[in-house]
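Inspection log for the structure reproduced underneath, given as structure tokens.
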Amino acid sequence: MTAQLIDGVKTAERIRSNIKDEVAEWIAGGNPAPGLATVLVGENPASQVYVRSKQKACGEAGIESYGFNLPGTATQEEVEALVRQLNADPKVNGILVQLPLPAGLDEEKVLREIKIEKDVDGFHPLNIGRLAQKGREPLFIPCTPYGCMVLLEETGIKLSGAKAVVLGRSNIVGMPVALLLVRADATVTICHSRTKDLPAVVCEADVLVAAIGKAEMVRGDWVKPGAVVIDVGINRVEDASKTKGYRLVGDVAFDEVKEVAAFITPVPGGVGPMTIAMLLQNTLRAAKMSK
Ligand code: GUN
């Protein structure tokens, strides 16, 4: 069997085009352009790239972006003071503090400072707490996990009663995606570095979300025939045939797993583009909620 590709580029483009139309309509209705503030602390090259793409995507959708760069030496108080300033700024509807923060800064304290109505990343402890509780609604769903759920929806698979396995328990992807799958009535197993006999656990999955950060770790013989595989990993592997000297691969050995799965996301072009689309969606929602 050759799996059907879940095309994140196409899905993200459709969402971004709808958002652009909605933003234009919102502005034509006499409202100010939605605004997203990005906060980047230090000079992590990957974070710089991510923040730049988020700002570019805002521009294309008609959303104003306000970039704030603090040096890696910024103190906890300086970062929190900036967040408080953005909380008070009516032009700013969403605040995104790019993670990870440099060592020495208390990430949870910074995230807790963000006004929850502006928490477009959904990482405020109150938003995450609500996500984890039955009958409670977070104001915002974290962008990458949200993107994974939209891609699962694209396949038409019934999540209710499905066995889902999540590889990885990070605050940014693994844990929130597991919580979303539980909310969709899947039976969820979360695996991590201490999980025993990982291939046997993965083999049970009707839905597999891999977010562990290890290049091509999930092999073809780990995967149940007909499973839906969402690969969140973005790993660089050396490749002398490429001009950059590397290529990007996921956490899943794509060529092997595509022969077994029913649906699979490619890397690049799967989950990656969805993160930004969902961020734009959350920012527009924040603007509309602020009225
Ligand atoms: N670092 C990696 N992914 C993300 C994300 O979705 N949001 C933020 N703020 N930081 C990240």
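The table for this structure:
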item: Residue within the range 53-64 that is of a type in the set (A, V, I, L, M, F, W, C) and more than 30 Å from Val229 (Cα to Cα) present; result: yes
item: Meets criteria (touching a strand residue (DSSP E or B) at 6+ places or on another chain (Cβ under 7 Å), not hydroxyl-bearing (Ser, Thr, Tyr) and not in a helix (DSSP H, G or I)) for Val39; result: yes
item: Selection status of Pro273, within 16 Å of the ligand (Cβ to nearest atom) and either modelled with pLDDT under 95 or not β-branched (Val, Ile, Thr) (or both); result: yes
item: Members of the range 145-160 that are away from the ligand (no atom under 16 Å from the Cβ) and hydrophobic (A, V, I, L, M, F, W, C); result: Leu152, Ile157, Leu159
item: Answer residue from the range 135-185, given it is free of Cβ contacts under 8 Å to residues at least 12 places away in the same chain and basic (Lys, Arg) and is nearest to Lys54 (Cα to Cα) among those; result: Arg136
item: Which listed residue, of Ile128, Ile95, is crowded, with 23+ Cβ neighbours inside 10 Å and modelled with pLDDT of 95 or more; result: Ile95
item: Test: residue in the range 105-119 that is within 12 Å of Val39 (Cβ to Cβ), in contact with a Lys or Arg (Cβ under 8 Å, 6 or more places away or on another chain) and free of Cβ contacts under 8 Å to residues at least 40 places away in the same chain; result: yes
item: Among (1) surrounded by fewer than 20 Cβ atoms within 10 Å (Cβ to Cβ); (2) more than 17 Å from Cys148 (Cα to Cα) - the single one Ala262 does not satisfy; result: (2)
item: Residue in the range 90-111 that is closer than 16 Å to Val173 by Cα and more than 15 Å from the ligand (Cβ to nearest atom) present; result: no
item: Condition broken by Pro142, with the remaining ones in (1) within 16 Å of the ligand (Cβ to nearest atom); (2) within 18 Å of the chain's Cα centre (by Cα); (3) surrounded by fewer than 22 Cβ atoms within 10 Å (Cβ to Cβ) satisfied; result: (3)
item: Of all residues making up the range 256-268, the number that are free of Cβ contacts under 8 Å to residues at least 40 places away in the same chain and in contact with a Gly (Cβ under 8 Å, 6 or more places away or on another chain); result: 2
item: Residues of the range 45-86 classified as touching a Pro at 6+ places or on another chain (Cβ under 6 Å) and either farther than 24 Å from Ala103 by Cα or within 14 Å of the ligand (Cβ to nearest atom) (or both), total; result: 1
item: Thr2 vs. criteria among the polar types (S, T, N, Q) and either more than 24 Å from Leu99 (Cβ to Cβ) or within 16 Å of the ligand (Cβ to nearest atom) (or both); result: yes
item: Breaking point among (1) outside any strand (DSSP E or B); (2) within 11 Å of the ligand (Cβ to nearest atom), for Pro32; result: (2)
item: Tabulated pairs, the range 269-291, first under 12 Å from Lys54 (Cα atoms) and outside any helix (DSSP H, G or I), second at pLDDT 95 or above and away from the ligand (no atom under 15 Å from the Cβ), C-beta under 9 angstrom, 6+ apart or interchain; result: none
item: First in the range 24-47 and modelled with pLDDT of 95 or more, second anywhere and in a loop (DSSP other than H, G, I, E, B) and hydrophobic (A, V, I, L, M, F, W, C), Cβ under 6 Å, 6 or more apart; result: Ile27/Ala33; Pro34/Ile63; Gly35/Val92; Leu36/Ile63; Ala37/Val92; Val41/Ala74; Val41/Leu101
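The values are calculated or read from the model by the stated rules, or taken from the named source; none is laboratory data. Worth saying up front: this structure is predicted, and the values here are computed from it rather than measured. All Cβ positions, even for glycine, are placed from backbone atoms using ideal geometry, and neighbour counts span all protein chains on display.
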